[in-house]
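Everything on this sheet refers to the single structure shown next.
The values are calculated or read from the model by the stated rules, or taken from the named source; none is laboratory data. Because the structure is a prediction, the values reported are computed rather than measured. We place every Cβ from the backbone using ideal geometry, glycine too, and count neighbours over all the protein chains shown.
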(Lines give C-alpha, C1' and ligand atoms only; values in the text may rest on other atoms or scores of the structure.)
Protein backbone atom coordinates (compact mmCIF):
# COMPACT_ATOMS: atom_id res chain seq x y z
CA UNK A 1 0.00 0.00 0.00
CA UNK A 2 1.37 3.44 -0.89
CA UNK A 3 2.18 6.15 1.66
CA UNK A 4 -0.64 8.23 0.16
CA UNK A 5 -3.16 5.57 1.16
CA UNK A 6 -1.67 4.93 4.62
CA UNK A 7 -2.10 8.48 5.92
CA UNK A 8 -5.50 10.07 6.42
CA UNK A 9 -6.34 13.13 4.38
CA UNK A 10 -6.92 15.89 6.93
CA UNK A 11 -9.94 18.09 6.13
CA UNK A 12 -11.19 21.34 7.61
CA UNK A 13 -14.84 22.24 6.93
CA UNK A 14 -15.99 25.87 6.82
CA UNK A 15 -19.65 26.80 6.45
CA UNK A 16 -21.79 29.31 8.30
CA UNK A 17 -24.79 26.97 8.55
CA UNK A 18 -24.56 24.37 11.31
CA UNK A 19 -26.65 21.76 9.48
CA UNK A 20 -24.57 22.02 6.30
CA UNK A 21 -21.32 21.91 8.29
CA UNK A 22 -22.49 18.85 10.24
CA UNK A 23 -23.59 17.12 7.04
CA UNK A 24 -20.26 17.76 5.32
CA UNK A 25 -18.37 16.54 8.38
CA UNK A 26 -20.43 13.33 8.51
CA UNK A 27 -19.93 12.73 4.80
CA UNK A 28 -16.17 13.23 4.94
CA UNK A 29 -15.85 11.14 8.10
CA UNK A 30 -17.66 8.26 6.37
CA UNK A 31 -14.94 8.01 3.71
CA UNK A 32 -12.07 5.66 4.45
CA UNK A 33 -8.76 7.50 4.71
CA UNK A 34 -10.28 10.89 5.52
CA UNK A 35 -10.26 12.74 8.83
CA UNK A 36 -12.07 15.94 9.76
CA UNK A 37 -9.57 17.88 11.87
CA UNK A 38 -11.54 21.07 12.31
CA UNK A 39 -14.59 23.11 11.52
CA UNK A 40 -15.53 26.74 11.56
CA UNK A 41 -18.76 28.66 11.24
CA UNK A 42 -17.09 31.72 9.72
CA UNK A 43 -14.18 32.73 7.56
CA UNK A 44 -12.62 34.63 10.45
CA UNK A 45 -12.71 31.62 12.78
CA UNK A 46 -11.52 29.34 9.99
CA UNK A 47 -8.50 31.46 9.11
CA UNK A 48 -7.50 31.60 12.79
CA UNK A 49 -7.50 27.78 12.98
CA UNK A 50 -5.66 27.03 9.72
CA UNK A 51 -2.10 27.51 10.97
CA UNK A 52 -2.75 25.46 14.11
CA UNK A 53 -4.64 22.59 12.45
CA UNK A 54 -2.67 22.39 9.19
CA UNK A 55 -5.36 20.51 7.22
CA UNK A 56 -4.42 18.99 3.88
CA UNK A 57 -7.55 20.40 2.24
CA UNK A 58 -9.97 23.14 3.23
CA UNK A 59 -13.56 22.41 2.21
CA UNK A 60 -15.29 25.78 2.01
CA UNK A 61 -19.02 25.89 1.36
CA UNK A 62 -20.31 29.27 0.25
CA UNK A 63 -24.03 30.11 0.34
CA UNK A 64 -24.21 32.47 -2.62
CA UNK A 65 -22.27 34.64 -4.96
CA UNK A 66 -22.08 38.00 -3.25
CA UNK A 67 -19.09 40.19 -2.48
CA UNK A 68 -18.71 38.70 1.03
CA UNK A 69 -18.40 35.18 -0.39
CA UNK A 70 -15.90 36.40 -2.95
CA UNK A 71 -13.77 38.06 -0.24
CA UNK A 72 -14.01 34.92 1.92
CA UNK A 73 -12.61 32.76 -0.86
CA UNK A 74 -9.84 35.27 -1.63
CA UNK A 75 -8.86 35.63 2.04
CA UNK A 76 -8.61 31.89 2.67
CA UNK A 77 -6.75 31.31 -0.60
CA UNK A 78 -4.29 34.08 0.32
CA UNK A 79 -3.70 32.77 3.84
CA UNK A 80 -3.62 29.06 3.12
CA UNK A 81 -3.01 28.68 -0.59
CA UNK A 82 -5.52 28.29 -3.35
CA UNK A 83 -4.20 24.88 -4.37
CA UNK A 84 -5.45 23.27 -1.15
CA UNK A 85 -8.90 24.82 -1.22
CA UNK A 86 -12.09 23.20 -2.52
CA UNK A 87 -15.06 25.54 -2.74
CA UNK A 88 -18.65 24.31 -2.97
CA UNK A 89 -21.12 26.79 -4.48
CA UNK A 90 -24.81 26.78 -5.39
CA UNK A 91 -25.87 26.07 -8.96
CA UNK A 92 -26.69 29.06 -11.16
CA UNK A 93 -23.71 31.25 -10.25
CA UNK A 94 -21.52 30.80 -13.33
CA UNK A 95 -20.05 34.30 -13.11
CA UNK A 96 -19.05 33.72 -9.48
CA UNK A 97 -17.63 30.31 -10.39
CA UNK A 98 -15.48 31.91 -13.08
CA UNK A 99 -14.18 34.44 -10.56
CA UNK A 100 -13.27 31.66 -8.12
CA UNK A 101 -11.50 29.69 -10.83
CA UNK A 102 -9.28 32.72 -11.43
CA UNK A 103 -7.93 32.08 -7.92
CA UNK A 104 -6.61 28.77 -9.26
CA UNK A 105 -8.72 26.87 -6.76
CA UNK A 106 -11.08 23.96 -7.26
CA UNK A 107 -14.79 24.72 -7.44
CA UNK A 108 -17.66 22.23 -7.43
CA UNK A 109 -21.39 22.77 -7.41
CA UNK A 110 -23.28 21.76 -4.29
CA UNK A 111 -25.40 19.52 -6.55
CA UNK A 112 -22.31 17.43 -7.36
CA UNK A 113 -22.28 13.73 -6.53
CA UNK A 114 -20.42 13.13 -3.22
CA UNK A 115 -18.09 10.68 -4.99
CA UNK A 116 -16.88 13.55 -7.20
CA UNK A 117 -16.22 15.66 -4.09
CA UNK A 118 -14.21 12.77 -2.62
CA UNK A 119 -12.22 12.31 -5.85
CA UNK A 120 -11.50 16.03 -6.06
CA UNK A 121 -10.21 16.10 -2.48
CA UNK A 122 -8.00 13.07 -3.21
CA UNK A 123 -6.65 14.82 -6.30
CA UNK A 124 -5.92 18.02 -4.38
CA UNK A 125 -4.12 16.00 -1.72
CA UNK A 126 -2.10 14.04 -4.28
CA UNK A 127 -1.02 17.14 -6.20
CA UNK A 128 -0.18 19.30 -3.18
CA UNK A 129 1.30 16.77 -0.76
CA UNK A 130 4.89 17.23 -1.95
CA UNK A 131 4.64 21.01 -1.70
CA UNK A 132 3.47 20.77 1.90
CA UNK A 133 6.30 18.39 2.80
CA UNK A 134 8.82 20.81 1.25
CA UNK A 135 7.40 23.67 3.30
CA UNK A 136 7.46 21.64 6.51
CA UNK A 137 11.13 20.66 6.13
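Scanning the stretch 104-137 for residues that are modelled with pLDDT of 70 or more and within 24 Å of residue 48 (Cα to Cα) yields 104, 105, 106, 107, 121, 124, 125, 128, 129.
Results for (1) surrounded by fewer than 13 Cβ atoms within 10 Å (Cβ to Cβ); (2) within 21 Å of residue 128 (Cβ to Cβ); (3) modelled with pLDDT of 85 or more, shown as yes or no for each residue.
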| position | (1), (2), (3) |
| --- | --- |
| 56 | no, yes, yes |
| 76 | no, yes, no |
| 82 | no, yes, no |
| 86 | no, yes, yes |
| 91 | yes, no, no |
| 95 | yes, no, no |
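When the stretch 15-40 is filtered for residues that are over 14 Å from residue 121 (Cα atoms) and outside any helix (DSSP H, G or I), the ones remaining, listed by number, are 15, 16, 17, 37, 38, 39, 40.
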